[in-house]
């Protein structure tokens, strides 16, 4: 079973920041927080991951609380192309570790 | 980033026939390949993990004799759905951790939509 809890759906206005929360209260010390997204009828796409420090890349920012029990993915300027299902996953860092997908959050960016 | 391709992108077959789905790593050697299945409006569910040159490991509840996985080379893994039935209609996706230096994420193929009539 997935070890994360996310809202089922969220809406965001184009050009505004999208903040997607994730609860992972049972996260272990060696587990990272990963975010993937899946645009309709495509394979998932890696966004970002982190252990305990905040992370930023060209796609998004990841804010992890100090107790590591929750995190927020931030898309700073959402576009219509960011409409997708966003999955928050916790697992050890190694790429060979399998991914267990929860239900994710369906983000709809509105014009 | 690493590129994973799948073929075909979609396929329609008749009940009782077998269908083969190919998953290729185009610019890296895929030692490990994961196969997922996704039903409409549901999340991805891991079916099996394959390692090059060895037998695949199937998740609980997945019939290994029905979903045959072959990972005979470092760039190709195949999933064969044998004696397909309408309930096997789904979106099948493969992924791989990528090659050396790209071990922290997985790269997904574009998926194959299977419809069994």
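Only the coordinates and a few stated rules stand behind these numbers; no lab work does. Everything numeric here is computed off the predicted structure, so don't read it as measured data. When we count neighbours, we look across all protein chains shown, and the Cβ atoms used for this are built from the backbone with ideal geometry, even at glycine.
Looking at (1) surrounded by 18 or more Cβ atoms within 10 Å (Cβ to Cβ); (2) within 15 Å of residue A:4 (Cα to Cα), can you tell me which one residue A:69 breaks?
It is condition (1) that residue A:69 fails.
Just give me the residues in the stretch A:2-16 being surrounded by fewer than 18 Cβ atoms within 10 Å (Cβ to Cβ) and either within 14 Å of chain B (Cβ to nearest Cβ) or under 23 Å from residue B:46 (Cα atoms) (or both), in sequence order. Explain how you work it out, then say what you get.
Within the stretch A:2-16, the subset surrounded by fewer than 18 Cβ atoms within 10 Å (Cβ to Cβ) is A:2-3, A:5, A:7-11, A:13-16.
Passing the criteria: A:2, A:3, A:5, A:7, A:8, A:9.
Only residues that are closer than 18 Å to residue A:75 by Cα, within 10 Å of another protein chain (Cβ to nearest Cβ) and surrounded by fewer than 21 Cβ atoms within 10 Å (Cβ to Cβ): list them for the stretch A:17-45, please.
If the condition is that a residue be closer than 18 Å to residue A:75 by Cα, within 10 Å of another protein chain (Cβ to nearest Cβ) and surrounded by fewer than 21 Cβ atoms within 10 Å (Cβ to Cβ), then A:45 is the only one that fits.
Answer yes or no: is there a residue in the stretch B:69-78 that is without any contact (Cβ under 8 Å) to a residue 60 or more places away in the chain, surrounded by 15 or more Cβ atoms within 10 Å (Cβ to Cβ) and facing chain A (nearest Cβ under 10 Å).
no
Kindly provide the set of residues from the stretch A:92-111 that are surrounded by fewer than 19 Cβ atoms within 10 Å (Cβ to Cβ) and part of a strand (DSSP E or B), ordered by number.
A:92, A:106, A:108, A:110, listed by residue number.
Given the criterion out of contact with any helix residue (DSSP H, G or I) (no Cβ under 6 Å at 6 or more places or on another chain), at the interface with chain A (Cβ under 10 Å from one of its Cβ atoms) and touching a residue at least 24 places away in the same chain (Cβ under 8 Å), identify the matching residue among B:113, B:37.
Working: B:37 fails: at the interface with chain A (Cβ under 10 Å from one of its Cβ atoms).
Going through B:113, B:37 in turn, the sole match is B:113.
With A:60, A:84 as the choices, which residue is within 30 Å of residue B:48 (Cα to Cα) and free of Cβ contacts under 8 Å to residues at least 60 places away in the same chain? Break it down stepwise before answering.
Details: A:60 fails: within 30 Å of residue B:48 (Cα to Cα).
Only one candidate qualifies: A:84.
Among the strands (runs of 3 or more DSSP E) lying completely within the stretch B:1-84, list those that include at least 3 residues that are closer than 13 Å to residue B:95 by Cα and touching a strand residue (DSSP E or B) at 6+ places or on another chain (Cβ under 8 Å). Show your work before the answer.
Numbers: elements: B:4-7, B:10-13, B:19-25, B:32-38, B:45-51, B:67-73, B:76-81.
It comes to B:4-7, B:19-25, B:32-38, B:45-51, B:76-81.
Can you tell me which residue in the stretch A:56-66 is nearest to residue A:14 (Cα to Cα), limited to those that are within 14 Å of chain B (Cβ to nearest Cβ) and surrounded by fewer than 19 Cβ atoms within 10 Å (Cβ to Cβ)? Quick ask: steps written out before the conclusion?
Residues of the stretch A:56-66 that are within 14 Å of chain B (Cβ to nearest Cβ), as a first pass: A:57-60, A:62.
Filter once more, so that each one left must be surrounded by fewer than 19 Cβ atoms within 10 Å (Cβ to Cβ): A:57-59.
Working: A:57: 20, A:58: 18, A:59: 15 Å.
So the residue we want is A:59.
Quick check on the stretch B:79-87. Is at least one of its residues under 25 Å from residue A:100 (Cβ atoms), away from chain A (no Cβ under 11 Å) and in contact with a helix residue (DSSP H, G or I) (Cβ under 9 Å, 6 or more places away or on another chain)? Steps first, please.
Step one: of the stretch B:79-87, the residues under 25 Å from residue A:100 (Cβ atoms) are B:79-81, B:87.
Narrowing further to those that are away from chain A (no Cβ under 11 Å): B:79-81, B:87.
After this cut, where a residue has to be in contact with a helix residue (DSSP H, G or I) (Cβ under 9 Å, 6 or more places away or on another chain) as well, the list is B:81.
Yes, some residue in the stretch B:79-87 is under 25 Å from residue A:100 (Cβ atoms), away from chain A (no Cβ under 11 Å) and in contact with a helix residue (DSSP H, G or I) (Cβ under 9 Å, 6 or more places away or on another chain).
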